[in-house]
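Only one structure is covered here, and it is reproduced in the block below.
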Amino acid sequence: MTIAVRLAAVIFACVTTSALAQTSAPQYGDEIYRPNMGQTGKDVIWIPTPDTLVTKMLQAAKTTENDVVYDLGAGEGKIPIAAAREFKARSVGIEYNPDMAALAKRNSERAGVADKVKIIAGDIFENDFSEATVVTLYLLPELNFKLRPSILKMKPGTRVVSHAFDMGSAKPLDTLNVNGRTVYYWTIPIQMPPQ
């Protein structure tokens, strides 16, 4: 078992224990596909970002209708949909699980923003996201670190927001605490410590 999967399992155990202590687990998805919180993916497990945190992440990035938002590991499409619906931005979600990507597409249609949201069933390490002006992440530390070289090459002014995990020594411009959850914010070029 890789370190990432072990770390994800620990995080999932903490989240589910807390959630189960409060109420029964919510049901996700639709009649075609119902993902389970904590289900494994290619490199991570699926834990949805709370709606209020999605909005705060997009606000932290100063998202506007002129932006192109890319959500890496888009899950059920929450962030791309919110970017389109709340901020009028064009958005793209890249999701490895084809069933989850199809669910995200249906969710964008149900939300009435399918004309502004594109969902790609693909791999964040293979698909190009260089056109983004805003990048959102809710991955594991080692994945953020692995993405860092691509992110550092993005055009100046691109904003990057990560839920829960940083990018190693890439110093964030801001760190927010939203209801006990951490959000990291960077702008390209990212300040790196001297080698």
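Things worth noting here:
- Taking only the Cα atoms of the chain, the ratio Rg/Rh comes out at 0.94, with Rh defined as the Kirkwood radius.
- Ellipticity estimate at 222 nm from DSSP helix runs (n ≥ 4, -39,500 (n - 2.57)) divided over the chain, nearest 500: -10500 deg cm²/dmol
- Dipole in debye (nearest 20) - the chain, about Cα centre, beta carbon charges: Lys, Arg +1; Asp, Glu -1: 360 debye
- Selected from 119, 32, 79 as most flexible by GNM, with the chain as the system and alpha-carbon contacts under 10 Å: 32
- Summary of the geometry: region 36-101 and region 128-144, compared by the centres of their Cα atoms, lie 10 Å apart.
- Relative contact order computed over the chain (Cα-Cα under 8 Å; 6+ residues apart), in percent: 17 percent
- Rough spin-label spacing in nm, given labels placed 7 Å along Cα→Cβ, for residue 99 and residue 128: 3.2 nm
- Normalised alpha carbon radius of gyration of region 81-171 [divisor 2.2 N^0.38 Å]: 1.11
- Taking 0.36 nm per residue of sequence separation and removing the Cα-Cα distance, the residue 146/residue 114 pair yields an extension gain of 8.5 nm.
- Computed over protein heavy atoms with a 1.4 Å probe, the carbon and sulfur contribution to the accessible area of region 39-119 reaches 49%.
- Rounded accessible area per residue of the chain, 1.4 Å, Å²: 51 Å²
- Cα pair distances of region 41-106 binned at 10 Å [whole percent]: 23, 54, 22, 1
- Nonlocal amide H pairs with residue 118, under 5 Å, H built at 1.01 Å: 91, 92, 93
- Within the accessible area of region 150-193, the carbon and sulfur atoms contribute 51%, probe 1.4 Å, all protein chains present.
- If the segment from residue 59 to residue 88 were pulled out straight at 0.36 nm per residue, it would be longer than the present Cα-Cα gap by 9.2 nm.
- For the pair residue 30 and residue 182, the difference between a 0.36 nm per residue extended length and the Cα-Cα distance amounts to 51.8 nm.
- Built amide H within the under 5 Å cut-off of residue 135, gap 5+: 70, 159, 160, 161
The values are calculated or read from the model by the stated rules, or taken from the named source; none is laboratory data. Computed from a predicted structure; not experimentally measured. Don't worry about glycine lacking a Cβ; one is built from the backbone with ideal geometry, like all the others, and counts go over all protein chains shown. Note: areas computed on protein heavy atoms with side chains; ligands, DNA, RNA excluded. Shrake-Rupley method; radii C 1.70, N 1.55, O 1.52, S 1.80 Å.
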